[in-house]
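Before I ask anything, let me first share the structure, which is written out below as structure tokens.
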Amino acid sequence: MKQRFAKASVLALIICIGMSACHKKPTTDLSKENIIPKPTSVTADGSSFSLTDDTNIYIEGDNKELKDVGQYLADVLNPSTGFNVEVKSTTGAPASGNIYLTLATDTSLGEEGYDLKITEDLITLSANKSAGIFYGIQTLRQLLPPAIELTTVQKSPWEIASGTIHDAPTYAWRGTMLDVARHFFSVEEVKHYIDLVSLYKMNIMHLHLSDDQGWRIEIKSWPNLATKGGLTEVGGGKGGYYTQEQYADIVAYAKSRYMTIVPEIDLPGHINSALASYGELNGGTVVPLEGRYKGDMQTNNILDGKNKPTELYTGIAVGWSTLRIEKEATFKFVDDVMREVSAITPGPYLHIGGDEAAATKKADYIAFINRFKDMVKAHGKIMVGWEEIAQGDINSDVVVQNWHSTEHSKVAAEKGSKIIMSPAKKAYLDMQYDSLSRIGLHWAAYIEVDSAYIWDPATQVEGLPQENILGIEAPLWSETVTNMDDIEYLAFPRIPGYAEIGWSVPASRNWDEYKVRLGHHAPRFKALNIDYYKSKLVPWAE
Ligand code: TNX
């Protein structure tokens, strides 16, 4: 077999020399590839591997997860190459010309790291867990020409620069949030967003499933939440909700992309859609405040309409609705919701919101958070909440999401909680790039692509101990976001930058170098049909 290959190569060489127009292998240098997020270490050796119609993917042994991830890679490669790459089992390295996926034991790689070794003969991708294999596959994708992302057969030499990559993430939480409450997005749209962000090795998809404008997840014990509370959205559109089966489908899809779904039910404020569905939950509403952050809890609110159903709401004010604390039935409601959501969520986290509860009295707010904490725990989940929950009796069982205040994060760290960094003026995907951006808000800042990249979760809040920082999340609130093009326009090209902040070590990050790398992703965005914002600060490649 090897001999035949050698003979064929000699023959090809003779024909080539004879024709003097032979197709030379392009020179390749692995260290010059524009990988995002930047890997921990890359060593080039100046040659390349050719993907051909003889290439197959060999997985070591009979591991189901490896098989699935191998099939995922085959599904990336086959449409544009027109090859029929298959997934096969092997014991030991396969023959020359193939891709080899194998599990290893290397403590320096952790749960998500990988080693990629590319020679002229073989691509070997190894990791402790299949998650690492998945992230290594994302790197491999970026080493192929952008045309690999197209869905029709392309004529292209499919060369991959040779050398080795050793790579592992800095943070365990590398996420984005999609607000499906202000505007509803279909199962297919959520899956598409999952696909796009997983290209950059993000591993958390936080879904903001309820807010004043809409309740988006079926709760069987309180059916009106979805059927009434899901009837509209910002601007008065038709809204919608996921049945529990549809939600399970999203969760399973995310899992296949190594992303954990973190469901958020926003309590005790941001709750009008539930109050419109069940009047007995209504603790009274105040006149909607226009604008965003109006300071902490108000204590002397005028609360209207207690105990009566509210009207559905299609505006964008915040901080005006609250659950009713003095009725035990309210806690039955919360417990039922948490039980059902926990039961359909295999991931460890349950997000209870807790933000901008300006219509809830401070003492009530703290009482709510303390009870939520016990309930979430009783349902076997780790409670996550926006930074205001630091006012409650929280501890190391709880995860706090920073978005605006440095004080709340410091208090949370003192109480032993881990912190997710989502500073609005740096990480909010719904902020406009500049005053000309066609959609987005700007109450926190205008966030151009450089500003989104130039910050460090470890030092953003002065004095926060590094060990308390769980990672980074870029939330996409959807007051002004109505369709997939809008999602893509605000998320890209900022998402690759947030992904790099979460993955790569701060010492390797430099805007002037990064912007050139990012610019080289334009043909890839185009091949993937991503409607990205063409920032003038980035030298976009043709
Ligand atoms: C603040 S940040 C909110 C959201 C809004 C967002 C808009 C936070 C926890 N709450 O309710 O949608 O600003 O940028």
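The values are calculated or read from the model by the stated rules, or taken from the named source; none is laboratory data. Computed from a predicted model, the values in this text were never measured in an experiment. A quick note on method: Cβ atoms are made from the backbone with ideal geometry, for glycine too, and the neighbour counts reach across all protein chains shown. Only protein heavy atoms, including side chains, enter the accessible area calculation; ligands, DNA and RNA are left aside. Shrake-Rupley method; radii C 1.70, N 1.55, O 1.52, S 1.80 Å.
At 1.4 Å probe radius, can you tell me the per residue accessible area of the chain in Å²?
Details: 21410 Å² over 542 residues.
Averaged over the residues of the chain, the accessible area is 39 Å².
Could you calculate the FRET efficiency of V187 with E280 from 1/(1 + (r/R0)^6), where r is the beta carbon distance between them and R0 is 35 Å, rounded to 0.05?
On the way: r = 31 Å, r/R0 = 0.90.
Efficiency at R0 = 35 Å is approximately 0.65.
Please identify the chymotrypsin sites (Phe, Trp or Tyr not before Pro) of the range 360-450 that satisfy two criteria: DSSP loop assignment and at most 14 other Cβ atoms within 10 Å. Which are they? Walk me through the numbers on the way to the answer.
Values: sites: Y365, F368, F372, W386, W403, Y428, Y433, W443, Y446; in loops: W403, Y428, Y433, W443, Y446.
Answer in residue order: W443.
Just to confirm the number: angle between the C-alpha axis of helix 187-198 and the first principal axis of the chain, 0 to 90 degrees, nearest 10?
Its long axis makes an angle of about 60 degrees.
A follow-up question, please. Dipole magnitude of the chain about its Cα centre, charges +1 at Lys/Arg Cβ and -1 at Asp/Glu Cβ only, in debye to the nearest 20? Write down the numbers at each step before the final one.
Working: 52 positive and 69 negative charges, 134 e Å.
So the dipole magnitude of the chain works out to roughly 640 debye.
Have a look at the DSSP beta bridges in the chain and tell me what percent are antiparallel, nearest 5.
Details: 22 of 69 bridges.
Here the share of antiparallel DSSP bridges comes out near 30 percent.
Would you work out if the range 111-190 is rounded, prolate or oblate? Take a ≥ b ≥ c from the square roots of the eigenvalues of the alpha-carbon gyration tensor; rounded if a/c is under 1.5, else prolate when a/b is larger than b/c, oblate otherwise.
Working: a/c = 3.32, a/b = 1.38, b/c = 2.40.
It comes out oblate by the Cα gyration axes.
Could you please state, rounded to a whole Å, how far the C-alpha centre of the range 458-494 is from the C-alpha centre of the range 212-291?
If you average the Cα positions of each part, the centres end up 21 Å apart.
Take the range 311-369, compute every pairwise Cα distance, and split them into 5 Å bins from 0; I just need the percent in each bin.
4, 14, 21, 22, 20, 15, 4
Measuring from label point to label point, each 7 Å out along Cα→Cβ, what is the L441 to A507 span in nm?
Here the modelled spin labels are 3.9 nm apart.
Next question, about the same structure. At a Förster radius of 51 Å, what calculated FRET efficiency corresponds to the Cβ-Cβ distance of L537 and E414, to the nearest 0.05?
Numbers: r = 38 Å, r/R0 = 0.75.
It comes out at approximately 0.85.
Additional query: Tell me, what does the Kirkwood hydrodynamic radius of the range 47-158 come to in angstroms if you use every pair of distinct C-alpha atoms?
Working: mean 1/r = 0.0715 Å⁻¹.
About 14.0 Å, per the Kirkwood formula over Cα pairs.
First compute the accessible area of the range 408-542 with a 1.4 Å probe, then give the percent of it belonging to carbon and sulfur atoms.
Details: 2650 of 5010 Å².
The nonpolar share, carbon plus sulfur, comes to 53 percent.
Could you state the angle between the C-alpha long axis of helix 2-19 and the longest principal axis of the C-alpha atoms of the chain, as a value from 0 to 90 degrees rounded to the nearest 10?
Value to nearest ten degrees: 80.
Between N370 and K155, what's the calculated FRET efficiency when r is the beta-carbon distance and R0 is 51 Å? Round to 0.05.
Numbers: r = 64 Å, r/R0 = 1.25.
For R0 = 51 Å, the calculated efficiency reads 0.20.
Return one number: the angle in degrees, 0 to 90 and rounded to the nearest 10, between the long axis of the Cα atoms of helix 64-81 and the longest principal axis of the Cα atoms of the chain.
Long axis of 64-81 versus the principal axis of the chain: about 70 degrees.
Could you list the residues of the range 338-361 with an amide nitrogen less than 19 Å from a label point located 7 Å from the Cα of N224 in the Cα-to-C-beta direction?
338
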